[in-house]
Structure formats: C-alpha cells, structure tokens
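See below for the structure under consideration.
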Protein chains: 2
Amino acid sequence: MSATSPQRITLIGLGTIGMSMAALHLTRDNVIDVFDTRPDFVDYLIKTLPGFLADPNSESIEPQPEKVVAALISSGRLQIHSSLETACASATIVQEQGPENLEFKRSIWKKVESMAPASAHLWTSTSGIAASKQQQDMQDKTRLLVVHPFNPPHIMPLLEIVPSPETSAERVEFARQYFSIPGSRHRPVVIRKEIPGFVGNRLAFALLREACHLVQEDVVTAGDLDTILMASLGPRWAGNGVFESYQQGGGEGGIRSFLNKLGDTMQNVWDGQGRVNVLGEQGTEWKEKVIQQTNEAYGTQTPEQTREKEERLRRFIRIQTQRF
Amino acid sequence: MSATSPQRITLIGLGTIGMSMAALHLTRDNVIDVFDTRPDFVDYLIKTLPGFLADPNSESIEPQPEKVVAALISSGRLQIHSSLETACASATIVQEQGPENLEFKRSIWKKVESMAPASAHLWTSTSGIAASKQQQDMQDKTRLLVVHPFNPPHIMPLLEIVPSPETSAERVEFARQYFSIPGSRHRPVVIRKEIPGFVGNRLAFALLREACHLVQEDVVTAGDLDTILMASLGPRWAGNGVFESYQQGGGEGGIRSFLNKLGDTMQNVWDGQGRVNVLGEQGTEWKEKVIQQTNEAYGTQTPEQTREKEERLRRFIRIQTQRF
C-alpha cells in the first residue's frame, strides 16, 4: 500500500505525545485505533483529544468536547480498544508512545508482531532507545524503526526517522513519504546511524550543557540566558540552519571564510566549554541553581500561556514556508 | 544626559555591521557622525546605507539611493568625516566596528579618549576582544564597554552588554537604557563576567561543534542537519528559551522532573559529544567535509534571497512580541 493512501494506524500509549500524534494522523483521511492501559482511558481521551484537534483559527472553544470524540467514533475514524490484539488486528501502521523502558519496548514489539498483519509498519516514538535494542525478541527485524517527534508533534514539523542496521530501506522510505504528504508542514529527516539522542536532542543538549555551565559560573542568569537565545539564535535558526547561517556570515567566501575569520574565538570557546554532568557526583553542582532560577523566572505555565505559546509556534512555522 | 534623549553618535568603521548599526541609530532622533578609512567611503556609503534604511513594508525600491543619503546630510542627521578628530569632537557616544585586532582597538581608544568629550560613552562592537584588553592604554578605564550585536543589528534584537571589571555601573546602565527605549524591539542583556565569545556565540559554537561532529561521523549531512534545526529547535527557541522549554517539558514538576526523566539520555549524549577543533592539527578533519556539503547545499546567496531571509527574520521577531 502506498504511503500516501489512507492508513489504518494503531496508537499504543496515549499520553501527551500520543494524543498529539493522534491529532496529526486525524488531519488526514486515516482510521485510528487507540490502546492505552490507564483505567480511566476513555474519559481521559474524551477530555483531552479535542484540545489537540481544536481549529487554531477558531476563537470559540467547543463547549461539549465529548461530542468531538463521539463524532469521530460514530464516523468510524476513531476506534477505542481494550485489548492490544483487536487494536492491532487490521493495522497498516503500529506506532507506540509507551514508557521509555527497554523491557517494555521489547515485550510490546514481540506481542505486536504476533498480532498485527505481517505487512504493517512498526514505528516507535522513543527519544532514547534505538530500534536495534528494541527489536531483540522480534522474528522479523526489518520492520521496526524510530519515528522520533518533537513536542508537540501535531504542530512541530520535525520527525527523525532512525532505522536500525536491519530495518529495510523500503520501510524507511514509506515512513518518510507518509510524513512528506503534499500540504503537510511536517519535515521528516532520515538519520543515517543510530546514535544516543539522535540529532535534534544532541544539538539541544550540547547547547544546554554550555547554558548550565554559564549559569553555574554566574556569567548570566537562567532567565537572561533565555532572553539571549530568543533574541538571537532562536529566530536566526528558525530561518536558516546553523551551516547556512555561517555560509552567509562568511560573505563571498562562505563558511570557509567564516571559519578562518572566527577560528581563534571559536577554538578559544571550544577549549573553555563547560563539562557539567547531570548524573554522577562531580560536575552536578549547577543543578539546584538552574532549577531555582528557572522556577523563579517561569513558575508553572497556565493553560492560557500554553495556548498562546502554541499559537506563536504555529505562526513561526507558517512563516517558514511562506514566500514573499 | 539621559539615555533616552537624542544622542550624537560617532561610528568608527562602516562595514556591514557598521552600516546596520547606523540604520538602527537613525530609526531614532539621533545625529550620526561616520568615519571610515576606506578610500571610496563616500561612494560606498551612498550605495550601501539606503538598503539598510529601506522601509520593509514598502514594495518599491528607491530608484535613486543617492537621494536618501543626501537628504540625511542636508537635514544634519548624518555627517561624514575625513578625520577621526572631527568625527569624535561632539559625541555623546562613540561606537567602533573596526577590525578584530587587539592593536587596532587599543590604539583607537587611546586616540578617541584624547579627541571625544570626557562624558562620551565608548562602545566596542567586538565579538571576541574583551573591554579589559582593549582599554589597556586608556587614562579612564571606566568608560569602555562591549556592545556586541548579532547580525544584522538593525533587525536582530540582541545586544550583549559586557563591561570590564573597571567599567562604571552608570555607563553599563546608560547602554542598557539606550537600547531599551520603549517601542524598540531590541533586547539588551548585561553579561556579568567577561568570557570568550560572550554568551550568544558560546551557545552557538557549542551547538556548532556537535553539528560538525555529526557531519564528520556521517550521521547526517550538513543540509539535513540544518533542516532538523529549522524544523524543531529554531522555532522552539524563537518562542521560549532553553530553560523555559525544559520547564514546560517537565510538566507539573518543571525542569527538575525533566532532568530526572531525561537524565540518562542526556548524560549519555554529553559523554559522547564530539571534540572537534577548528585550529591545530588534530580533530580538524571535519572542515573540508562540512565546507563542501555546505557549499553544495547553499552555494552563494543571491541579493533576492538575502532580502527574503531578512523579511522572514523581521516577521519572526514581530511575532515574538505580538499578543493574541
């Protein structure tokens, strides 16, 4: 079946990422089968899913969210299951957003393999456990790959597609095509090697490590560091990647000139980078300072603030694809 | 004189950053005195400055750019000097964007100090040479501070204000207030300690180092890495700083929960970070690969592309301060 045809997608695990992923799949002409082990799952789904489906251009909030889910169920586009077996039985894609726990992942794929059609594509939304580790107990190791979304996936364009060495090239291409459907703002990227954190989080954690070091050293507060990022690198990297930025920054000589011109400062910075740790006994002194300053700067986000932040994110992403 | 009153600003060095800075100052009711040693300076100014002053909301391009500069000169708002002495004579602020060369900086400040009024504020736009190094030959070391812009400063909101240990607190506050004038989109941030690369470039270079490592290791191409950044971290950090993002990512427990939940993956990534170098003999193998892939992905930017990128950047920044 072509990746651009309507799919029948089983979602296992409907936490925040799972709900957002359901919303993404429901923007297209798919049928979604959902399975989650939480005891109040149906109530939770009825209350939560409509928030992810809300039309961002509509000012009005649906006064009866239960009607949204009821309509999806009665049209056959959403099916709620109390067993994994029925949830997987007719799938063309099975996607899991369960706990980040290797034993759970291994056991779920072993079960899914025995329950889903042999043709079904198997996707894990893990942020940290490579497909090659998850597939250990599977018969056919060519079927599984990582589809790592960035939160919230119904808005954020990136999907990191990370095959194991045994994943078939056709299944990688199917996933890439599914998320590249014309009209979608999503941008799947295939990662060529399994590596901890994949690419997006490796880049984020590299920046975060230096950020924590700078707060620990009292160069800047956590709040001021965030202002610096939002007032410079955030909007720059929303418009250009890091390599393209330095290609421009180097003028006619491109990134080669840039590296020549800024080489001394860059090496000086690299030599002095902080080596803070998040685990272990040494190099973790920054943690309480960062947590305290972050709490002071932001507290807990209100639902109104969350809504506004999401709307802002949608606008940034809309501008990325506008021509003018 | 209050920082919010009209200023008389001497700009030394009118390369790309200097022109953009002139445009920033000219959006307010200031008088600008410009000085540059290039032989064709007047012609260059007449050709170049209007592009920085263009109304981004106007579709039409000024057919006679020389008229723009002529009008500024005849109104007295722009004064072109052929000697540093006359350029500095009436300044309330002297700002240099000259070569990134310590000898040049030391010698220019020694001269400026003997030519400008004693009350004038002295700002260097350096990206790498701390004020404490530049001020060595000055009589009064309390006057000089770094005002490090991000390119292009007439659009990009960030100004990193980095005093030396000897800079007076009043002069730091004056610079902060000047760039915080109500209605300005600029966001000055005071850095508490001199450190190579200040904060913005330290964060950028930390991310770049890992990016170069990932390209060198064939995890991802330079172009795909840029797509990943633009499809995730760019728009995220345009809306929230890194600490605020993880405060939200941790849910009710905030950044503390986030660090607990993601700690294993994060430490794993930190332990495996690339240690590429830009100078020296070891760890520089990535350079030709990155340069080649970046050239292949982007080539040389056309003026039309530059204009479009700047307009996109303006829109991102406008959205940052919109309420909805």
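What to note about this one:
- Within the stretch A:101-181, helices (runs of 4 or more DSSP H) holding 1 or more residues that are away from every other protein chain (no Cβ under 14 Å) and without any contact (Cβ under 8 Å) to a residue 12 or more places away in the chain: A:102-115, A:169-179
Each row is one residue, and each column tells you yes or no for (1) under 26 Å from the mean Cα position of the chain (by Cα); (2) not hydrophobic (A, V, I, L, M, F, W, C).
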| site | (1), (2) |
| --- | --- |
| B:229 | yes, no |
| B:238 | yes, no |
| B:241 | yes, yes |
| B:251 | no, yes |
| B:258 | no, no |
| B:264 | no, yes |
| B:270 | no, no |
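- Taking the stretch B:229-308 and the helices (runs of 4 or more DSSP H) fully enclosed by it, the elements with 2 or more residues that are more than 7 Å from chain A (Cβ to nearest Cβ) and closer than 20 Å to residue A:204 by Cα are at B:242-249, B:254-271.
- Checked against the criterion of being surrounded by 19 or more Cβ atoms within 10 Å (Cβ to Cβ) and either more than 27 Å from residue B:182 (Cβ to Cβ) or in the same structural domain as residue B:184 (by the TED database) (or both), the candidates B:87, B:71 yield just one match: B:87.
- Residue in the stretch B:16-26 that is part of a loop (DSSP other than H, G, I, E, B) and either within 21 Å of residue B:156 (Cα to Cα) or of a type in the set (Val, Ile, Thr) (or both) present: no
- Boolean, residue B:210 is in contact (Cβ under 8 Å) with a residue 40 or more places away in the chain, acidic (Asp, Glu), closer than 20 Å to residue A:206 by Cβ and at the interface with chain A (Cβ under 8 Å from one of its Cβ atoms): yes
- From the list B:290, B:278, the lone residue that is touching a residue at least 24 places away in the same chain (Cβ under 8 Å), more than 30 Å from residue B:184 (Cα to Cα) and crowded, with 21+ Cβ neighbours inside 10 Å is B:290.
- Selection from the stretch B:133-152 of residues that are modelled with pLDDT of 95 or more, polar (S, T, N, Q) and surrounded by fewer than 23 Cβ atoms within 10 Å (Cβ to Cβ): B:136, B:139, B:142
- The single condition among (1) part of a loop (DSSP other than H, G, I, E, B); (2) surrounded by fewer than 24 Cβ atoms within 10 Å (Cβ to Cβ); (3) at the interface with another protein chain (Cβ under 7 Å from one of its Cβ atoms) that residue A:220 does not meet is (2).
- Enumeration of residues in the stretch B:184-207 that are small (Gly, Ala, Ser), at the interface with chain A (Cβ under 7 Å from one of its Cβ atoms) and at negative phi: B:200, B:204, B:206
- Counting the residues of the stretch B:293-305 that are exposed (fewer than 12 other Cβ atoms within 10 Å of the Cβ) and free of Cβ contacts under 8 Å to residues at least 12 places away in the same chain gives 4.
- Residues considered: A:37, A:124, A:92. Of these, the only one that is modelled with pLDDT of 95 or more, under 25 Å from the mean Cα position of the chain (by Cα) and surrounded by fewer than 14 Cβ atoms within 10 Å (Cβ to Cβ) is A:37.
The values are calculated or read from the model by the stated rules, or taken from the named source; none is laboratory data. Note that the coordinates shown come from a computational prediction; the quantities given were computed from them, not determined experimentally. Heads up, the Cβs are rebuilt from the backbone with ideal geometry, glycines too, and the neighbour counts pull from every protein chain shown.
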